[in-house]
Structures are given as C-alpha cells and as structure tokens.
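A.B. asks: Let me give you the structure first, and then I'll get to my questions.
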Amino acid sequence: MDGFSNYLSVPVFVNRAYRRLESLTGNDYFLRRGKGTRKLVEEILPLAAFLKHLERPGCSVKCRFFSGSQNYDAKIKLRGYYVDKGFLEPSYFVEVTSAVSEQKDHLIREALARHGAIGGYNVRRVGSRKGGDIEGEGACDIDAPVKDALRWTKAALEKKYEKKEPYPNPCFLVVQVKPDRPLSLYEWWTVANGVHDVIDRGKFRATYIVDWETNNAFEV
C-alpha cells in the first residue's frame, strides 16, 4: 500500500494512517470501499495501535507494511536499551488478523453505513439484500460484548494456528478485536486472561490483542 512500503518511524506511520482514515467517507469506511480501504482499516490501523504500545524509552521502532499475499503483514526494526541488553530482537515480522463476528460484522457495518446508528448489536437482515433492511436490538446480557469478544478472539487465534505453512521467525501476532461496545480495563483483562489456554507460543514469539479505535493494546 502506497505510503507504508518503506520503514517509517512510529509517529510518521501513525500520522499517515490517521490521515488516510480521515479522508474516507462513512460509506467507504463501513463498507470497505475504495482501493486499500480494507487493508487500512483491518491491518494498518491495528498496526498503528500496536506500534504505539511497543515503542517506549529504550525501544525505538520503525515499521514497513507489506500488502502482498505473504504470510506476514509487516516487518519492524527495533533499537535501544532493550535490544542492546538482549530483551528484544533487533527485528520481527508481524502478522495481523481480526477477531469479529463472521455472521454479523458485515450486517452491523451495512446498517451503520445506511443509518449512521443501530438499535443494538443483535442484528438480522429483513427482506432482500437490495430492498430490505437490517434490524438490531440491544443485548439483554450486559456481559455479552465481553463474552463475544473472548469467543471471537479464540476463534481468530485457532484459525491462525490451523495454517500448516510456518510463519517467519521471529514473528508477532496482532489480533484486532472490535467489541460491540467500549470495554473497561477489567473487561479487557477478562478477554486477555481468557485466551491464555489457547495461546500457541511455538507459533509466534508474542501475541497482542488491540483495539485501534480506543488505542488499547495488551500482550497475552
């Protein structure tokens, strides 16, 4: 994708990602229309949140995005105290994936593109795709968004682990999680803690869950 194919510092990478996002119309964003929009929303913006989390005093980061069909989405270069002391490698590959409801994510986005709001995240299509509409109602269980986010994250992890082709080494996995509502810090801890039993630490050097819209990022 143009603008991200060279190694960029974190501030430059994030600024470019945000500028691209701000140039989209509502329909472009929700329906993933336009060249590069899907990769921007589902890969580059999660990368931006991850990079902001990873960079700190003693750990300077640069990132290059790859838009092809290889089994990684980015490469990062690190330098500073943590690399010098051997706590981190000087470079890593990064694979990005999304944890969403395969059954309703596209319906929610379509409803938001049409109406700008939705009555609830329990959605269903009424009528035909062309002439019908999407109805939504609020969840009765207040913990449903947390339980859903945990289930989607586990499914996303297991899907990555099923791939027989080995990932390059060392490689980080970044899982973009889009809950139905903003989660509290404790609720994010519940999701992060809940996936420990399925983490395959032989596949990836480390795994992170992120929500780029709220800039939350957690190593699991």
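Read the figures in this text as sums done on the coordinates, not as results from a lab. Keep in mind it's a predicted model, so treat the numbers as computed, not measured. Positions of Cβ are generated from backbone atoms using ideal geometry, with glycine treated the same way; all protein chains shown enter the neighbour counts.
A.B. asks: Bin width 5 Å, alpha-carbon pairs only: give the P(r) of the stretch 14-76 as whole percents, running from 0 to the bin holding the largest distance.
C.D. replies: In order of increasing distance, the bins hold 4, 16, 26, 23, 16, 10, 4, 2, 0 percent.
A.B. asks: Sort L45, L185 so that the residue with the fewest other Cβ atoms within 10 Å of its own Cβ comes first and the one with the most comes last. Display every interim value, and only then the final one.
C.D. replies: Working: L45 21, L185 9.
Ranking L45, L185 by Cβ neighbours within 10 Å, fewest first, gives L185, L45.
A.B. asks: By count of other Cβ within 10 Å, fewest leading, how are L51, L31 ordered?
C.D. replies: Numbers: L51 25, L31 17.
Ordered by Cβ neighbours within 10 Å, fewest first: L31, L51.
A.B. asks: Near the amide H of A99, under 5 Å away, which other amide H atoms are found, from residues 5 or more places off or on another chain, if H is placed in the peptide plane?
C.D. replies: HN-HN under 5 Å from A99: Q176, V177, K178.
A.B. asks: Show me the ranking of peptides 57-67, 160-170, 77-87 by mean Cβ neighbours inside 10 Å, starting with the highest.
C.D. replies: The packing order, highest mean first, is 57-67, 77-87, 160-170.
A.B. asks: Order 205-211, 4-10, 150-156, 195-201 from most to least packed using the mean count of other Cβ atoms within 10 Å.
C.D. replies: Details: 205-211: 21.1, 4-10: 16.1, 150-156: 18.9, 195-201: 12.3.
Ranking the peptides 205-211, 4-10, 150-156, 195-201 by packing returns 205-211, 150-156, 4-10, 195-201.
A.B. asks: If you don't mind, another one. Over what distance in Å are the Cα centres of the stretch 164-181 and the stretch 23-71 separated?
C.D. replies: Cα centres, the stretch 164-181 to the stretch 23-71: 13 Å.
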